[in-house]
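What follows draws every value from the coordinates through simple rules; no lab data is involved. Just so we're clear, the structure is a prediction, and the values are computed from it rather than from any experiment. Using ideal geometry, Cβ is built from the backbone for each residue, glycine included, and neighbour counts are taken over all protein chains shown.
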Amino acid sequence: MARIKDAVCKLCRREKEKLFLKGLRCYTDKCGVTKKPYVPGQKAKMRLVESEYYTQLREKQKAKRYYGVLEAQFLNYYRKATRKSGITGEVLLQLLETRLDNVLYLMGFATSRAQSRQIISHGHVQVNNKKVNIPSFQIKEGQEVKIAEKSKELIPVVEARDSAQSLSIPEWLEVDFKNLKGKVVRIPVRADIKAPVNEQMIVELYSK
């Protein structure tokens, strides 16, 4: 499984906002963006000339890092979005939002998308009662996602569940914390998606 190996706090600092890549730590004063609110590097505090291309590139990088996908994967999602009906930028975000690793994270069964990918790849997750160990698996409307019976006492899952019960669950998801399962009741619309990106800039970047 491909994974991002960079220091994740630096990724958030590069985009100048929290992308919540380290789970619960991002909500504390230990967050890298809070401690060092400037981009990393020797010339971090120098004023940069932000061209249109630079702004568009940063939006694409932000989206990649937010969802934890690599360049080739992201390009494939964009190409798939262009072939579907609807607004390309919104369809792109819908495809990313309904990845299994993202759905599991939003349901509150992992404290970060990285932890969610690990739980899935280790075989602890089922979709419609069948084991799925592919984090990029696309979840469809009506499908049920749950933690496997033998994995319900895993410490990361229990800790994530306990902390998530105080958070708001997206309206397009239905979650049963007691039985560690949830359901996608509908495909999210743009208003449901909290990703801090301007998808139109991404479309403009790839359209050049």
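Near the amide H of Glu144, within less than 5 Å, lie the amide hydrogens of Asn128, all on another chain or at least 5 residues away, with H placed in the peptide plane. Around the amide H of Phe137, modelled in the peptide plane, lie the amide H atoms of Leu100, Asp101, all under 5 Å away and 5 or more residues distant in sequence or on another chain. Karplus-based coupling profile of the range 179-188, in residue order and whole Hz: 9, 6, 8, x, 9, 8, 7, 6, 6, x, with θ = phi - 60° in 6.51 cos²θ - 1.76 cosθ + 1.60 and x standing for Gly or Pro.
Translational D (Stokes-Einstein, µm²/s) of the range 99-187 at 20 °C and 1.002 mPa s when Rh comes from the Kirkwood sum over C-alpha pairs? Working shown, then result.
On the way: Rh = 12.4 Å.
Reported coefficient: 173 µm²/s.
Mind checking which of Ala164, Gly123, Val175 is farthest towards the positive end of the range 99-187's charge dipole, using Cβ charges of +1 (Lys, Arg) and -1 (Asp, Glu) about the Cα centre? Highest projection toward the positive end goes to Gly123.
Each residue of the range 163-176 was assigned a 3J(HN,Hα) from its phi angle through the Karplus curve 6.51 cos²θ - 1.76 cosθ + 1.60 (θ = phi - 60°); the sequence is 7, 7, 5, 8, 9, 8, 8, x, 5, 7, 10, 10, 10, 10 Hz, with glycine and proline shown as x.
Under 5 Å between amide hydrogens, built in the peptide plane, is the criterion, and for Val125 it picks out Val132, Ala148 among residues at least 5 positions away or on other chains.
Checking the a/c ratio against 1.5 first, then a/b against b/c, what shape does the Cα gyration tensor give for the range 111-152?
Since a/c reaches 1.5 but b/c is at least a/b, the shape of the range 111-152 is classed as oblate.
3J(HN,Hα) along the range 55-67: 5, 5, 4, 5, 5, 5, 4, 4, 5, 4, 6, 4, 8 Hz, from the Karplus curve 6.51 cos²θ - 1.76 cosθ + 1.60 with θ = phi - 60°, whole Hz, x for Gly and Pro.
For the range 106-208, which GluC sites (Glu not before Pro) are both in a DSSP coil and crowded by at most 14 other Cβ atoms within 10 Å?
Working: sites: Glu141, Glu144, Glu149, Glu153, Glu159, Glu171, Glu174, Glu199, Glu204; in loops: Glu141, Glu153, Glu171.
Those satisfying the criteria are Glu141, Glu153, Glu171.
Cross-link pairs exceeding 29 Å in C-alpha to C-alpha distance, out of Lys60/Lys152; Lys60/Lys131; Lys150/Lys183; Lys152/Lys183; Lys62/Lys140, comprise Lys60/Lys152; Lys60/Lys131. Once both labels are positioned 7 Å from their Cα atoms along Cα-to-Cβ, the gap between Ala195 and Val132 label points is 1.7 nm. By the count of other C-beta atoms within 10 Å, a proxy for reagent exposure, Tyr66, Tyr53 are ordered fewest to most as Tyr53, Tyr66. Say a paramagnetic label sat at a point 7 Å from the Cα of Lys152, along Cα to Cβ; which residues of the range 171-202 have their backbone N under 14 Å from it? Residues 176-182 fall inside that zone.
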